[in-house]
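Have a look at the structure below, then the notes.
The values are calculated or read from the model by the stated rules, or taken from the named source; none is laboratory data. The model shown is predicted, which means the values in this text are computed figures rather than measured ones. Please note: Cβ atoms are built from the backbone with ideal geometry, for glycine as well, and neighbour counts cover all protein chains shown. Note: areas computed on protein heavy atoms with side chains; ligands, DNA, RNA excluded. Shrake-Rupley method; radii C 1.70, N 1.55, O 1.52, S 1.80 Å.
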Amino acid sequence: REQLGDVVVLKEKPSPTGAFAWRWLWAAPAWYAPPTTPDDELLLRTAAGVVVNEEGIGPGYRSAYGLVMLQHHQADPNGTGRFADTGVRTHGTGDVESVIVAGVSHGCHRLLPLLAIRLGGFLLAHRAHGAPEPVEDSWARDVRAGSRVLHVERKLRGMRVELTPPVEVFVVAECSGEG
């Protein structure tokens, strides 16, 4: 689901195929929902009422990214050596059912939390890397909950580890984004 103006629509977002690179491993990343994410996906209904789903944004094991996230970067087609963020991620998730049953994705490659942690540990054990660095990156959003407006913000994106050299990743089959 995506918010387009005042309308929420279903939009298929398959993961693109081709060559990519994992330049960074993120530990305890916060999920900064894009502007097209409908407000209700950032809300949680509790016995006390509707609140912002703080755990889903993270950081933490219940966040949309889980505890480990890898960005899919693409080399600049102009050959400058720069990388472009594709918006696609390989990551854990706080919603295990979305991996096991038939959840939908915005093109990301979701893993069971244990597998995401194992992948991150494997990469750190077998690839040269820098020291973890906190990445300060402010994000804020007002979320409508009926007639109320709830404010959510983060200042720390997570801990980033640079992998040297980046890990080459090849996505060989297009996935519909379901399951």
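Within segment 121-159, list the residues whose amide N lies under 17 Å from a label point set 7 Å along Cα→Cβ of residue 47. No residues fall inside that zone. Split the accessible area of segment 20-175 by element, probe 1.4 Å, and carbon with sulfur accounts for 57%. Per residue, segment 45-115 exposes 55 Å² of accessible surface when a 1.4 Å probe is rolled over the protein heavy atoms with every protein chain present.
Principal-axis analysis of the Cα atoms of the chain puts helix 113-126 at an angle of about 30° to the longest axis. What shape does segment 21-86 have by the C-alpha gyration tensor, where a ≥ b ≥ c are the square roots of the eigenvalues, rounded means a/c under 1.5, and otherwise prolate means a/b greater than b/c and oblate the rest? Verdict is oblate for segment 21-86. Close amide-amide hydrogen proximity is noted between residue 169 and 20, 21, 22, each under 5 Å apart and 5 or more residues distant or on a separate chain (H modeled in the peptide plane; Pro and chain starts excluded). Comparing 164, 46, 86 in a Gaussian network model of the chain where C-alpha atoms under 10 Å apart are linked, the largest mean-square fluctuation is found at 46.
Scanning residues 5 or more positions from residue 30 or on other chains, those with amide H under 5 Å from its amide H are 158, with H placed 1.01 Å from N in the peptide plane. The length gained by stretching the chain between residue 172 and residue 96 to full extension, at 0.36 nm per residue less their Cα-Cα distance, is 24.9 nm. With unit charges on the beta carbons (Lys and Arg positive, Asp and Glu negative) and the dipole taken about the Cα centre of segment 51-179, which residue among 52, 159, 122 sits farthest to the positive side? Value computed over the given set: 52.
For the options 16, 113, 165, a Gaussian network treatment of the chain with springs between C-alpha atoms closer than 10 Å singles out 165 as fluctuating the most. The relative contact order of segment 45-179, computed from alpha carbon pairs under 8 Å that lie at least 6 residues apart in sequence, is 21 percent.
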